[in-house]
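So the structure is just underneath, and the comments pick up after that.
The values are calculated or read from the model by the stated rules, or taken from the named source; none is laboratory data. Note that the structure is predicted; figures quoted are calculated from it, not measured. Here the Cβ positions follow ideal geometry from the backbone for every residue, glycine too, while neighbour counts run over all protein chains shown.
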Amino acid sequence: MIRKVKGTRDILPPETTLWNDVERTALRIFGGFGYSEIRLPLLEPTELFVRTVGEGTDIVSKEMYTFADRKGRSLTLRPEGTASVARAFIENGLGQRPQPLRLSYFGPMFRYEKAQRGRYRQFSQIGIELLGAATPAADVEVIVALHTFLAELGFDDLIIALNNLGDPEDRERFIAGLKTELTPHRDELCGDCQRRWEENPLRILDCKVQRCRELVAETTPVADVVSEDAARHVAAVEAGLQEASIPVRRAPRLVRGLDYYLRTVFEVISPELGEDTVICGGGRYDRLISDLGGAAVPGVGFAIGEDRLVDVLPQSFKDRALEQRIVAVLPVGGAAAAQATSLARDLVLSGVTAHTEVTGRSLKACLKWATKMAASVAVILGESERADGVALIRDLDRGEQETVALGDVVARVAELLQARR
Ligand code: ATP
Ligand code: MG
């Protein structure tokens, strides 16, 4: 047997229904805030991520699916979406459109990680980006849109954690101070942090090892050393969120795994998955587009991990999404088969889900199948009913049956299903 690649997943029905509903809700809510979908390639030049996400990050240093194509070009299966949005912004001259530009995206990302619950090698993200606005109001909008989407899914226990990373210049000062404070304990840091010390010291703040966490807890928070401008910016974001009644928690050690973030950074934490498996990460990235050779276009956005989100969806949302109202169309005897299909078509066009029996089962087997398929109603097309121009409609939940003229079947089925809501 051939098995799927490690860290990839088969998402089967009915779980796919949840995914579809989540994506539809995202399109509705983010679309409502003015974000239009952009569809981007899964394959990008490797250099795009090296230059934006950053060489010293976990993503670029050890998680990318990078390979040479048949002409020897180095390509990478995208590990995230924002870099591609920035590339597409420059390449398609999107700066010519009315600014700011609001974009959303969906789809698979690829990272070579240790596969476990909530951590896959192919996973999906839903993200939005607001490009061309440097104001705190832009950060507030993005977080309000995020909160609205999550509330619409029925979440009421998620925590939005926020921090101020300052500007790149502040960060250099912060890192120098951090190293000074940690130097007496350098030997106590874990192996990964020893590597981070040279390559990406900011990530020491993100280490999950207990001793590293204890040492980091003693250091000066990054928000304490940022410029006055950056401090004012994030304070205004917090004030805006408070005004919108969106609870956020300051997380002084929060850093993101990508180099391009500055000032506002945030995460969404689910109590069920815990702090090491966050649902969403985002922040501001005012230098990303200019670093890629574009104009000085500021941006802010986030990416939600859809796998993790679906994993912890509230029961109320799942019940609603998975609620089924299926009609089984059951032809008995070969002659009724074609009639069954056209009746099913009429039912489908009336907005009902109709499953037609197409394997030629006996009436008894048909009804058994209909029950197994969780149908609420069965329409039975038998020989004698055919001759009389009628059908039998059976309410499978109540066990009641009635004879209805063929022309009235669609309307009667609608009534029966309506009564179920
Ligand atoms: P983590 O700290 O969990 O590794 P990250 O900081 O690498 O996350 P981001 O790059 O910010 O994550 O990606 C945004 C979101 O995408 C994450 O919050 C998470 O929900 C999701 N995500 C990231 N990596 C994976 C993965 N390997 N499997 C499933 N979801 C993921
Ligand atoms: Mg990661």
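Which condition from (1) under 20 Å from A387 (Cα atoms); (2) under 39 Å from the mean Cα position of the chain (by Cα) is the one that T356 breaks?
In the conditions (1) under 20 Å from A387 (Cα atoms); (2) under 39 Å from the mean Cα position of the chain (by Cα), T356 misses (1) alone.
Here's the yes/no breakdown for (1) of a type in the set (S, T, N, Q); (2) part of a helix (DSSP H, G or I); (3) within 18 Å of R420 (Cα to Cα):
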position: L330; (1), (2), (3): no, no, no
position: A340; (1), (2), (3): no, yes, no
position: G351; (1), (2), (3): no, no, yes
position: R394; (1), (2), (3): no, no, yes
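Kindly evaluate G305 against the criterion of being touching a residue at least 12 places away in the same chain (Cβ under 8 Å), among the small types (G, A, S), in contact with a Phe, Trp or Tyr (Cβ under 8 Å, 6 or more places away or on another chain) and more than 21 Å from L101 (Cα to Cα).
Yes, satisfied.
Of all residues in segment 121-164, how many are in a loop (DSSP other than H, G, I, E, B) and modelled with pLDDT under 95?
3
Which ranges mark the helices (runs of 4 or more DSSP H) fully within segment 187-277 that have 3 or more residues being outside the structural domain of G54 (by TED's automatic domain parsing) and either more than 22 Å from the chain's Cα centre (by Cα) or in contact (Cβ under 8 Å) with a residue 60 or more places away in the chain (or both)?
Fully inside segment 187-277 and qualifying: 191-199, 210-217.
Evaluate segment 29-38: report whether one residue or more is in a helix (DSSP H, G or I), without any contact (Cβ under 8 Å) to a residue 60 or more places away in the chain and more than 30 Å from N200 (Cβ to Cβ).
Within segment 29-38, one or more residues are in a helix (DSSP H, G or I), without any contact (Cβ under 8 Å) to a residue 60 or more places away in the chain and more than 30 Å from N200 (Cβ to Cβ).
Please report, ordered by residue number, the strands (runs of 3 or more DSSP E) entirely within segment 40-119 with at least 1 residues that are crowded, with 21+ Cβ neighbours inside 10 Å and more than 16 Å from ligand 2 (Cβ to nearest atom).
By residue number, 101-110.
Scan segment 312-340 for residues that are surrounded by fewer than 16 Cβ atoms within 10 Å (Cβ to Cβ) and under 37 Å from the mean Cα position of the chain (by Cα) and report the count.
Counting residues in segment 312-340 that are surrounded by fewer than 16 Cβ atoms within 10 Å (Cβ to Cβ) and under 37 Å from the mean Cα position of the chain (by Cα) gives 8.
Okay, residues lined up against (1) within 26 Å of F89 (Cβ to Cβ); (2) not acidic (D, E):
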{"site": "E214", "(1), (2)": "no, no"}
{"site": "T220", "(1), (2)": "no, yes"}
{"site": "G240", "(1), (2)": "yes, yes"}
{"site": "R250", "(1), (2)": "no, yes"}
{"site": "R253", "(1), (2)": "no, yes"}
{"site": "E272", "(1), (2)": "no, no"}
{"site": "G282", "(1), (2)": "yes, yes"}
{"site": "D311", "(1), (2)": "no, no"}
